[in-house]
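Structure, as structure tokens:
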Amino acid sequence: MLRKVFFLLVFVLDTVICGSLAVLFSYIPGCEKKVRKAEEYWARIAVFASGVRLNTRLPELEQNSNYIFFCNHQSHLDTPILLALLKDYQPRFLAKESLFKIPFLGQGMYKTGHFSVNRDNARQGMRDLQRAAENLDQGESLLVFPEGTRSKTGEVQEFYTGGFIIALKTWSTPIVPVVLEGTKNVLPKGSISLGKERDVYIMGREPIYIHQEYGVKERERLKKDMQTIIEQMYSELREWMERNKD
């Protein structure tokens, strides 16, 4: 019970303080790095407060390169965990518009350069994806949850096309597939209370250079192939977890 109360109090304070700092710094010329630093502290504090144990197998990536990270999605904890682990690349992420309306959190997301996506208006949605693609062209990295929402069961759900449209628009940016398991047991979907589990497993693979294999209009083929890769990785990850339990 104490762990649950501690997490909730710290997470709320963390979001209010770091979100407010990000907004404040965004209005001060020359403070762009401080805006991102506020976000990094938000992510690291949220992970610390959750008490999770991170077990990772991530590839070595080039420090001065940018990537599109595609990852399955189980919990609201996925975002701070991945932002903390991938802090050297500071990926911006795609999120549905409603999240940007949450006080402090939404303002902080907007000011730190994350992207809202309109799912109800196809024309606006394409403009949103174009903005994200232009951001990648400027050297930023991107984090995409291609399932579009958190999985209740943990099983990988069918992917949306949006992230793959961006990947093909920014043809030369490599994709890094990532899978995670365990966050659904730490902070389940639909709950603000921590579960008893603490172990989270995260695995990535070497970058995939899609410009060598896909044409700019082959979004469906790329989506299908990436779904297969991530599902295979998820099976490998669960085998790794089972071996660790033995």
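Structure notes:
- Where chymotrypsin sites (Phe, Trp or Tyr not before Pro) fall in DSSP loop in region 1-109, at most 15 other Cβ within 10 Å: 27
- Sequence-distant residues sharing a close amide H with residue 93 (under 5 Å, placed H): 115, 143
- Screening the chain for DSSP H helices whose Cα atoms reach 20 Å or more along their own axis and whose mean Kyte hydropathy is at least -0.5 gives 2-26.
- Dipole of the chain, positive end: most advanced residue of 148, 68, 99 [Cβ charges, Cα centre]: 99
- Computed over protein heavy atoms with a 1.4 Å probe, the carbon and sulfur contribution to the accessible area of region 154-200 reaches 49%.
- Here the chain is assigned +1 on the Cβ of each Lys and Arg and -1 on the Cβ of each Asp and Glu. Its dipole about the Cα centre then comes out at about 800 debye.
- The residues of the chain have, on average, 53 Å² of accessible surface per residue, using a 1.4 Å probe with all protein chains present.
- Taken along its principal axes, the alpha carbon cloud of region 122-196 reaches lengths of 42, 26, 21 Å, longest axis first.
- Within region 24-65, the GluC sites (Glu not before Pro) that combine a DSSP coil assignment with at most 15 other C-beta atoms in a 10 angstrom radius are 60, 62.
- Over 31 Å (Cα to Cα) - which of 96/223; 33/245; 4/223; 33/96; 87/169; 169/196 fall in this group: 33/245; 4/223; 169/196
- Just so you know, the Rg over Rh for the chain is 0.95, from Cα atoms, with Rh as the Kirkwood radius.
- GNM top mover of 71, 18, 31 - the chain, alpha-carbon springs below 10 Å: 31
The values are calculated or read from the model by the stated rules, or taken from the named source; none is laboratory data. Quick caveat: nothing in here was measured; it's all calculated off a predicted structure. Cβ: placed from backbone, ideal geometry, glycine included. Neighbour counts: every protein chain shown. Note: accessible area is taken over every heavy atom of the protein model, side chains too, but ligands, DNA and RNA are not part of it. Shrake-Rupley method; radii C 1.70, N 1.55, O 1.52, S 1.80 Å.
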